[in-house]
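Colleague: Handing you this structure, nothing more for now.
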Number of protein chains: 4
Amino acid sequence: MNTFGTLFRFTGFGESHGAAIGGVIDGMPAGVAVSIDEVQAELDRRRPGQSALTTARSEPDRVEVLSGLFEGVTTGCPIGFVIRNKDHRSADYSNVSHTFRPSHADFTYTAKYGLRDYRGGGRSSARETATRVVAGAFAMQALRAMGVKVTAFTTAVGPLSIPMPAEAPSREAIEANPVRCPDAEMAASMERLILDVRADGDTIGGAVSCIVTGLPAGVGDPVFGRLGARLADAMLSINAAKGFEYGMGFEGCTRRGSEMIDPFYTDEEGRVATRSNHSGGIQGGISNGMPVMFRVGFKPVATLLQDVETIDDEGRPVMLHARGRHDPCVVARAVPVVEAMTAMTLLDAILINRASRL
Amino acid sequence: MNTFGTLFRFTGFGESHGAAIGGVIDGMPAGVAVSIDEVQAELDRRRPGQSALTTARSEPDRVEVLSGLFEGVTTGCPIGFVIRNKDHRSADYSNVSHTFRPSHADFTYTAKYGLRDYRGGGRSSARETATRVVAGAFAMQALRAMGVKVTAFTTAVGPLSIPMPAEAPSREAIEANPVRCPDAEMAASMERLILDVRADGDTIGGAVSCIVTGLPAGVGDPVFGRLGARLADAMLSINAAKGFEYGMGFEGCTRRGSEMIDPFYTDEEGRVATRSNHSGGIQGGISNGMPVMFRVGFKPVATLLQDVETIDDEGRPVMLHARGRHDPCVVARAVPVVEAMTAMTLLDAILINRASRL
Amino acid sequence: MNTFGTLFRFTGFGESHGAAIGGVIDGMPAGVAVSIDEVQAELDRRRPGQSALTTARSEPDRVEVLSGLFEGVTTGCPIGFVIRNKDHRSADYSNVSHTFRPSHADFTYTAKYGLRDYRGGGRSSARETATRVVAGAFAMQALRAMGVKVTAFTTAVGPLSIPMPAEAPSREAIEANPVRCPDAEMAASMERLILDVRADGDTIGGAVSCIVTGLPAGVGDPVFGRLGARLADAMLSINAAKGFEYGMGFEGCTRRGSEMIDPFYTDEEGRVATRSNHSGGIQGGISNGMPVMFRVGFKPVATLLQDVETIDDEGRPVMLHARGRHDPCVVARAVPVVEAMTAMTLLDAILINRASRL
Amino acid sequence: MNTFGTLFRFTGFGESHGAAIGGVIDGMPAGVAVSIDEVQAELDRRRPGQSALTTARSEPDRVEVLSGLFEGVTTGCPIGFVIRNKDHRSADYSNVSHTFRPSHADFTYTAKYGLRDYRGGGRSSARETATRVVAGAFAMQALRAMGVKVTAFTTAVGPLSIPMPAEAPSREAIEANPVRCPDAEMAASMERLILDVRADGDTIGGAVSCIVTGLPAGVGDPVFGRLGARLADAMLSINAAKGFEYGMGFEGCTRRGSEMIDPFYTDEEGRVATRSNHSGGIQGGISNGMPVMFRVGFKPVATLLQDVETIDDEGRPVMLHARGRHDPCVVARAVPVVEAMTAMTLLDAILINRASRL
C-alpha cells in the first residue's frame, strides 16, 4: 500500500538506490496557485547533509513536477513528480546483501516478499519520505488558502525534552537551530547530545510535536476516521515512529476527569471556544475549532557504527559492522515529514467533510 | 465513515438510545466454524453493569446473527447482526438537549452535521463499541484457526500502573478481577482507586496493553498500511483513546540505539527470532514473528457528577449537573474492545498479505 | 464485497432463506427529512407477488429502520435496517443441495468459497436487491432535495422493444401496467409474451432504460470514476444484467462522427445546452447538464420448469427438474432496482464532486 | 480519481501537452520476472503514427521504469514510470482555448474544475491511455505466470462487423492488419471504410471484443465487485467507450432461457465445464472456468475536420474548424488498451480472491 488518503490521495514510489523516487498527488482541488519554489524549500528542509547532525549523503533533491498545473494553478488533474537519486553508492551495501541487519526491515521484507532490494534499505529507507514532503507541500498550500496552518518542531532528543507550548512557535524560532527545537537553550543541549552520541557510533531517539491552527470545528468522523485516528495512522506511517498521542495524551490518562475537562465559553467574536485545551482540539473524533495538538515519538535508528551480532539469510550467525551514512538522530529531519503527513491528513478530512450535510 | 478494514471489513450502525445497534461483517473467510456462544461471551465481557466499577445501565446485549452462516460455518457471505437496545431512559437526557456538555461530542457533532441526536450521546456513546466486539469475535475465531492469539489487559488506572509483561498473561488471571489487570495486588489497588473516584462523582483514566502471539513474520505493509499504523488507527478509533505506542514506545524514544537493538538469532526450531523485543514484533512496518506488543491510553471520561460550567447551543453560559449512568473508569470494559479491534486489524492484514507474492 | 460507493456507501447482507436481509447506509448527508413510507413504497414496487407476471413467493417485505434518523431527519450517522424473511420454504430446495443448477451461481460459489448455502440460491438470489431498493430510496430523497430525478422503465421484453424516449415518461405511465413499459400498447404485447413464456415453463430476457434529469454539469471524474463507468459498474452489479450502454450506445458506435456530434448552444436562461443528446448527458466522463440516459440488458433467468441436464457436486451427470417459484421475466421488478442503484451512484458522485475545487 | 484497483492498483498522471505522462503500479506481486521490452512492445502497439489509419502525431513513447524492480524481478514495491511527451505542438490548440468543442470534455471540465488545460484536450486526451498500457503490460506478465491469457481484437468498424469467435484468435492474425481484426477479408473492408471516412474529414465508431482464457473458476464477487461489473467499470473508463456487454450480451437479452442455458458436464480431465458459453465465463458474478468473453463499443471521436457550430466559454456562438491530428477510428489503437484494462482487472480480482477462504 503506497497510497495515502481518500479524496486527497498521495501515491509514492522509489527506492533509496534506484533511478528516482516520486509520486502522484491526486484529488488536489483545482484553482490553487502553487509555488514550486515553496515545494522545493520544504524538500530542502528534509534534505540530507544540511548540518553536522544529519547523514553525509548528499542529494540535491530537486523536484520535477510533470503534470497537473496550468499557468501555475492546479487544474484538478493528478500531479506527477520525480526526484532523481544522485549520490547512491550501491557499493556501500554489497557487504549486507545477505545479512539481516538487526532492527531493520531486511528480514521482514524477505519474509513478506520472498526477496528484497538490499541497496540502502531499498524501499524501507527513509529516503522515501522526501516524496511525502512534496505532496504535503501541495496540501499545505491548499490549506493555507483555507486559513489552516501546520507547525511541527522537536520537543525531545533522548531524555532532553520541553513541554508542549501553549501556542505554535514561529517558523523562525524553529529553524534557528539544526535540531528544530524552538527553545534555543534546550536546542543547544540537544545538539551537544546528538554530537556525543554520534561520536560513540550510536544513535538516539526523540519526539516531534505539532500544532495546527485555523482548522474549523466539525472536521473528522465520529467512529472510524476519527481525526485522532487519521493522524495516528499518518504519523505511525513515518519511519521510526513508535508512538502517537494527542491533547494531554498518556499523561492525561493518569488524571481525573475533573482535572481534564475543557469548559466551553463563547469568545468575544461569538465563537464557541474552550477555556483549556486538554482535548487537543478533538472531541468525539471531530475538531472543535481549538488548536489541534499532538506528539510523535521516534525511536533511535538501528544503524550503529559498532559491532552487532546478527544472522545471514540462511540463518547463520554473523557479526555486522555497519558502514554507510546515517543520521544519529532523526527528529530534526522528521519535522517537515510530520508537517507533510499532517497537511495531507487534514486536507483530506476537510474535503471529506464537505459531504456531511445536504 | 462507519466501515473499518480493506478485505475484512466491519460496518457498524446504531445510537445509544435508538431501537438497536448492529453491523455487517464482510470479507469473513469461508469455512470457519463459528461459535455464537463465544461471540456472546465476548459481548458479555463488554456489557454494562457487570461489576460495581461500571455503569448501572443494564443491557442484556443479546446478539442476533441474521446471515452469513450455514450449518454453523461461515459461507464467505456478509454476516449481518443486531443487538436490541433495552434500557434506554431517554428522559435522563432531556435536560441536556440544548447543552454542549464539556469534553463531549455534542458541540462537534453539531458543528459537523448541523444537528444531533442528543439522547445518551447518540452515536458518540461508547455503546457503539458493542458491535465492534461482535465483529472482533468473528475475526478472533478465524485468527485462532490460524494460530494467532490476541490478549489485552489493564496496565494502568490513573497513576497506578504495571510494566508490559514479557509474556501474555492468561485469560484467567485477567478475568480474576473486575479491573482486568493480571497483577492481583495491583488490581485490588486499582479497584479501590476507582471506587474512591466514583465516590467523588469523578472519573479517572488508564491504559490497556495488548500482546499478540502466533502472528507469522511478513504481515503488514512497508510504507502506508504499516502494521503499527494500522493498529494505531484501530486503537485511536476507540472512544476516549488518546495515545498509542508499540514496542518500547515513547520510553524507547528517550534511549540510545545501542540499548534498543534486537539481535537476531536462529532458534532451536530453525526459525528467525530476536533476543529482545524492543521493536514490539514490528520492523519496517511488517511483523517479524515475535509477539506484537502495544499500549493504548484512555482519558478519564468527561461525565462528572459535579457542577460544570458550559454553554448551550445558542452560546449562553449554563451550569450543568450531569445525571445518567456512566463508568468511573473505562479501561476494564475497553479490554474486549481493544482485543476486537486488534483481531479485525490483524485478520485484514493477514488476508491482504496473501497478495504479496506471485 | 458487499459495499457500494465511496462517500455515500451501502453495505448489504442476507440470504434468500435466512432470518433476514438488511444493510447499512453510511454517508447519508445530515439534514434530509426522510419519509419511511416512501422507502416502503419503493420496496413494494420490487416485492414478489405483485402481479401474475412475477414469482408467487409472498413476502410482505416490511423495512425496519434501526438508526440514523432523529425526529424524521437524517443525522449523518449510519442508517441500519432489516427486512425479515417470511415465506422461505427451505424444503423446496432440498433436492438441489448437491446439484449445480446450470447458468446459476451454484458451481461458481462452490469454486470460490469451498461451500455454499444452497437454500433458494442463498446470497446469489435476487432477493438481496430488496436491500438496495431501501438504500436507493434514501439516496433518492437526498437527490430530490437537490433537484435530481431518476426514472427507469422497461424498454424491451425479448424481441419486443421501444426506442429510448426523448423525455422521461411519467411515473403514472410506467406504473399503469405490470410490465412497467410506458407505451401502453407495447406493454400489453409484452405482458402476453411473458404469460406465453411462463406457460411453456420458460423465461425471457429484456431491457430497462433510465433517464436522469436535473443533474448539474460537472459531476463525475475524468479518467477512472467516469460517470459512465460508475453507472456501468452499478448496473452490472444487478443480478442477470449482461450489458450496459449510454447515450446512443452500441448503435451510435456504428455511425460517423458527423452524425453523432451534439452542438452546444446557450439556452434562453443562459445555460449551456446541446441541440441533440447523443452523448447521453456525459462528456469526458462528466455530466454536461443534459439528461443522463442509459440502457441495461437483462438475460432470461436460468430457472426453467423443464428437464435440464447438469452435474452434481461430485461431477456426476444428473437430470434436474426445477421447482420453486421464479419470475418468467425480471425486467418489471428490475425497474426499481435500476433506479436505486442509479440514485446511489449519483448521490455518491455529487458528494465526491464537492471536493473538486478549492 | 486516477487510481484503478483494490490490491493491484494503477495510478496515472499526465496531460497530452505537458512534460510527461506516467504512473505508479502498486500491489504488483513480488517475484515476477518482468521483460521491459515486452512492456515497450505493448506501448508500441498503442503508439500514434503506426499506420495510415491513425493520427500523424509522432511520439516515440519510450517508457522509463524508475523503481520496483531488482535484477529484473518485481520486489513487491511500487513501480514508478514516466513517458516523456515529445511532439506536442501547443500552437495547434491556441485557437480553441476559449471554445467548447462539441462532444468533447472542454465544457464539462470547466463545469467541474472552474478551469481547464486546453492544450490538446489536457487530461481528457486519449494520450493518457498509454500509461494504462504500461501498467497492463506488467499485470499481463503476472497473469501469464498464472496461465491466464487476454486477447482483444477489433470486431466492428461502423456497420461492418464480425461475430464473436468461439476461440481467441492468434496474436499473428490480429496484428496482420492495421485494423487489428482477425478476419483478413473483413479487415480489408474496414480499412477501406476508415480511409473513406478520413477523406471526408469525418470519423467512425466501432467495437473491440476480448477473450480471456485460463482464468480459474471462482474469481469475482457475488454482489458488488461482480466480475462483469468490474470489467464494465474498466472498459467504460476508456475514452470514447459507450457500451459493454458480456457473454451473449444485449442479443441474449432478446432470447428465451431455454435457448441460453449452459449445461454443465465433466470434461475428460475431470474438470467442470459447460457445453455452451452463453454466460461468457461468468455466473453469479464469478468466473466459471470457461473463457471470459465481452465486447466494448467505441463511439466515433468528435473531432471533425469540418465546420461545426458551437459556443465559447462566455456562451457566445462560434464556428469551429478543428485542426490538430486525430484518429479517424479509435478501435485499432483501443485494442491494447482494452487488453491492459482487462489484465489489471483480472489480476486484481485474482489477488482479492485469495482472501475468500480460511
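Colleague: Using a simple spin-label model with points 7 Å from Cα along the Cα→Cβ vector, what separation in nm is obtained for A:R316 and B:H321?
Modeller: 7.9
Colleague: So what's the angle, to the nearest 10 degrees on a 0 to 90 scale, between helix B:36-46 and the longest Cα principal axis of chain B?
Modeller: Taking the Cα atoms of chain B, the angle to B:36-46 is about 60 degrees.
Colleague: Same structure, new question: Rounded to the nearest 0.05, what FRET efficiency is calculated for B:E71 and A:Q50 with R0 set to 60 Å and r the Cβ-Cβ distance?
Modeller: E between B:E71 and A:Q50, to the nearest 0.05, is 0.40.
Colleague: Taking square-rooted eigenvalues a ≥ b ≥ c of the alpha carbon gyration tensor, is segment A:1-59 rounded, prolate or oblate, where a/c under 1.5 means rounded and, failing that, a/b exceeding b/c means prolate?
Modeller: It is oblate, given that a/c is not under 1.5 and a/b is not larger than b/c.
Colleague: OK, next. Tell me, what HN-Hα J-couplings in whole Hz come from the Karplus equation 6.51 cos²θ - 1.76 cosθ + 1.60 at θ = phi - 60° for each residue of segment B:64-80, using x for Gly and Pro?
Modeller: Here the 3J(HN,Hα) series is 10, 8, 10, 6, x, 10, 9, 6, x, 10, 5, 9, x, 8, x, 9, x Hz.
Colleague: Name the long-range amide H neighbours of B:G289: under 5 Å, sequence gap of 5 or more, or other chain; modelled H, no Pro or chain starts.
Modeller: B:A217, B:G218
Colleague: From the label point of D:G72, set 7 Å along Cα to the beta carbon, how far off in nm is each other copy's matching point, shortest first?
Modeller: When each copy's label point is compared with this one, the spacings are 5.0, 5.4, 7.3 nm.
Colleague: Another one. Just to confirm the numbers: C:R271, label point 7 angstrom along the Cα-Cβ line, distances to the other copies in nm, shortest first?
Modeller: The answer, with the shortest distance listed first, is 3.7, 5.4, 6.6 nm.
Colleague: A further question on this structure: Name the nearest-to-axis residue of chain A, judged by Cβ distance to the rotation axis taking chain A onto chain D, and quote that distance in whole Å.
Modeller: It is A:T11, 2, counting Cβ atoms only.
Colleague: Next up: Distances in nm, one decimal, shortest first, from D:M319 to the same residue in every other copy, taking the label point 7 angstrom along Cα→Cβ.
Modeller: 7.5, 8.4, 9.0
Colleague: Quick one: what are the phi-derived ³J(HN,Hα) couplings along segment D:9-15, Karplus 6.51/-1.76/1.60 with θ = phi - 60°, whole Hz, x for glycine and proline?
Modeller: Listing the rounded values in order: 10, 10, 10, x, 8, x, 10 Hz.
Colleague: Taking just the alpha carbons, could you work out the radius of gyration and Dmax for chain A, both in angstroms?
Modeller: Cα only, chain A: 20.9, 70 Å (Rg, Dmax).
Colleague: I've got another one for you. So what's the angle, to the nearest 10 degrees on a 0 to 90 scale, between helix C:331-353 and the longest Cα principal axis of chain C?
Modeller: The two axes meet at around 40 degrees.
Colleague: Here is a follow-up. Out of residues 5 or more away from C:T55 or on other chains, whose amide H comes under 5 Å of its own, with H placed 1.01 Å from N in the peptide plane?
Modeller: Under 5 Å from the amide H of C:T55 lie the amide H atoms of C:G49, C:D327, each far enough along the sequence or on another chain.
Colleague: Using amide H atoms built 1.01 Å from N in the peptide plane, name the residues 5+ places from D:N85, or on other chains, whose amide H lies under 5 Å from its own.
Modeller: Amide H neighbours of D:N85, under 5 Å, 5+ apart: D:A20, D:I21.
Colleague: Based on alpha-carbon positions alone, could you give the equivalent ellipsoid semi-axes of segment C:270-358 from the gyration tensor, as √(5λ), descending, whole Å?
Modeller: Largest first, segment C:270-358 gives 44, 16, 12 Å.
Colleague: Enumerate the lysines that A:K299 could reach by cross-link, defined here as Cα to Cα under 16 Å, with residues fewer than 8 away along the same chain left out.
Modeller: Excluding near neighbours in sequence, the set is A:K242.
Colleague: Across the residues of C:115-125, average count of Cβ atoms on other protein chains within 10 Å?
Modeller: Mean inter-chain Cβ contacts per residue within 10 Å come to 5.
Colleague: Separate question: Where does the protein assembly as shown land on Rg(C-alpha)/(2.2 N^0.38 Å)?
Modeller: For the protein assembly as shown, the normalised Cα radius of gyration comes out at 0.89.
Colleague: Ignore the peptide's own chain and count Cβ atoms of other chains within 10 Å of each Cβ in D:29-39; give me the average, rounded.
Modeller: Across D:29-39, the average partner-chain Cβ count within 10 Å equals 2.
Colleague: Using 1/(1 + (r/R0)^6) with R0 = 60 angstrom and r between the beta carbons of B:E167 and D:D307, what's the FRET efficiency to the nearest 0.05?
Modeller: Using R0 = 60 Å, I get an efficiency of 0.15.
Colleague: Taking a quarter of the surface of the convex hull around the Cα atoms of segment C:182-298, what do you get in nm²?
Modeller: 9.6
Colleague: A further question follows. Under 19 Å from a label point 7 Å along Cα→Cβ of A:E268: give me every residue in segment A:211-231 with its amide N that close.
Modeller: Label zone hits: A:214.
Colleague: Another question about this same structure. Under 19 Å Cα to Cα from B:K149, which aspartates and glutamates show up? Leave out anything in the same chain fewer than 8 places away.
Modeller: B:D37, B:E38, B:E42, B:E167, B:E172, B:E175, B:E339, B:D348
Colleague: What number, in nm² with one decimal, is the all-direction average of the projected area of the convex hull of the alpha-carbon atoms of segment C:104-170?
Modeller: 7.6
Colleague: Roughly what angle does helix D:129-145 make with the longest principal axis of chain D, taking Cα atoms, 0 to 90 degrees, to the nearest 10?
Modeller: 20
Colleague: For segment B:53-193, state the semi-axes of the equivalent ellipsoid (square roots of 5 times the eigenvalues of the alpha-carbon gyration tensor), sorted largest first and rounded to whole angstrom.
Modeller: Three semi-axes, in Å: 31, 27, 14.
Colleague: Right, next: Which distance in Å, rounded to a whole number, links the C-alpha centroids of segment B:229-274 and segment A:300-358?
Modeller: Using only Cα atoms, the two centres lie 13 Å from each other.
Colleague: Using the Karplus curve 6.51 cos²θ - 1.76 cosθ + 1.60 with θ = phi - 60°, work out ³J(HN,Hα) for each residue of segment B:310-321 in order, rounded to whole Hz, and write x for Gly and Pro.
Modeller: With coefficients 6.51, -1.76 and 1.60, one gets 7, 10, 9, 6, 10, x, 7, x, 9, 9, 10, 10 Hz.
Colleague: Could I ask something else about it? Across peptide B:291-300, what mean number of C-beta atoms from other chains lies inside 10 Å of a residue's C-beta?
Modeller: Taking the mean over all residues of the peptide, I get 4.
Colleague: Rank-order A:101-107, C:140-146, A:258-264 by packing density, defined as the average count of other C-beta atoms within 10 Å over each peptide's residues, highest first.
Modeller: Sorting A:101-107, C:140-146, A:258-264 by mean packing, highest first, produces A:101-107, A:258-264, C:140-146.
Computed from the coordinates by the stated procedures, all read-outs in this text should not be read as laboratory data. Bear in mind that the values here come from a model prediction, so they are computed numbers and not experimental data. Heads up, the Cβs are rebuilt from the backbone with ideal geometry, glycines too, and the neighbour counts pull from every protein chain shown.
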